[in-house]
Each structure stands twice: as C-alpha cells, then as structure tokens.
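S.K.: Quick one: this structure, given as structure tokens, is what I'll be asking you about.
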Amino acid sequence: MEKRGPDNPPSQDGKDRASLLVVSSFQEDLVQLRRMLDQSVWNLRSAGSFQEALALLRENSVAVVICERDLPDGSWRDVMSMLTPVEHAPRLIVISRLADERLWAEVMHLGGFDVLSKPFYEKEVAWVTESAWRQQQKRNPRARYAEA
C-alpha cells in the first residue's frame, strides 16, 4: 500500500478511500452532504443517532466524523467523549444551524476540529473535511482506511 501523508490524500480511484462518518438525524443533511462529497475521496457512512454511530465506530475505522450538534439520543459532546480515549481518534466536525463563537470555542476546547454552519456551502464542506483529514494524517500517518 502506498504511504499516505499530509500531502498525499487518499486516491480518487476508489481503491483507498478515507472513511467519513456523518451523524445526523436530519435526512436532508445526509442527502446534501452525500451529494457534495459524492465525487470526493471519501467513503461516506452515516448514522442517525449516537447509538448507531457508536456501533459503526466499533466496527469501522474512520478518519473524520461530522456530527450534528444535537442528536435524538445525545449530542456531539457524547460523540466527542467516545472518541477522546481512542488512540488516533478521528477528527470531529460539529454541524449546527446556530454555529456561533461560543459553540466553536467549546468544540475547540474539548478537542474537536471545527464547526460547519447550515446551510452548507460545498467549498466550505470540502475544505473543512480535507483539512480535518490532513490533520488526522499528521497525528496518525500509518492509518489504514476502509476500501469503498
């Protein structure tokens, strides 16, 4: 397998795609993010709740998690607390309609990567996810990612 690094993102041929997990109970957000990231290097997985995300993360390696601020059975903080003890934990991006400086500061303080506000802007989504992946690679350059 080819070595990956911060300047060598996963291939676009589908053979070595980084996994990204979207945790949101809003179907329209999942549809929009899937459309925006469809032609990207991501192997996109989705969960509608904290418990579903927990199950997926136990079985799959992911590089980046995009999580709705509030979930039906928890919040982004629950997802963050689940990721914190994991060696080479995925980078967490929080999404919210009410993205403000207070939320951003809290996410950064607790070890998250960034906050995406809704409505989504394709270039911002692409930039933030790619930046999170690059930071993940700096933290864990030997990571292997699930094939699509």
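S.K.: Rounded to the nearest 5, what is the percent of antiparallel bridges among the DSSP beta bridges in region 18-139? Kindly include the intermediate steps, with their values, before the conclusion.
M.R.: On the way: 2 of 21 bridges.
The answer is about 10 percent antiparallel.
S.K.: Relative to a virtual label point 7 Å from the Cα of R139 in the Cα→beta-carbon direction, which members of region 77-114 show backbone nitrogen distances below 14 Å?
M.R.: Within reach of a label on R139: 79-94, 107-114.
S.K.: Another one. How far, in nm, would the chain grow between A126 and D73 when pulled straight, counting 0.36 nm per residue and subtracting the alpha carbon separation? Before the final figure, lay out the partial values.
M.R.: On the way: separation 53, 0.36 × 53 = 19.08 nm, distance 2.78 nm.
Extra length available between A126 and D73 comes to 16.3 nm.
S.K.: What distance in nm lies between label points placed 7 Å from Cα along the C-beta direction at S81 and R34?
M.R.: Taking the simple label geometry, S81 and R34 are separated by 3.1 nm.
S.K.: Using only alpha carbon positions, build the gyration tensor of region 18-139, then give the equivalent ellipsoid semi-axes as the square roots of 5 times its eigenvalues, largest first, whole angstrom.
M.R.: Numbers: eigenvalues 60, 55, 49 Å².
For region 18-139, the semi-axes come out at 17, 17, 16 Å.
S.K.: Still on this model: Along the positive direction of the dipole of region 18-139 (beta-carbon charges: Lys, Arg +1; Asp, Glu -1; about the Cα centre), which of A132, G48, I66 reaches farthest?
M.R.: A132
Read the figures in this text as sums done on the coordinates, not as results from a lab. Since the model is a prediction, treat every value here as computed from it, not as a measurement. Every residue, glycine as well, gets a Cβ built from its backbone with ideal geometry; the counts of neighbours run over all protein chains shown.
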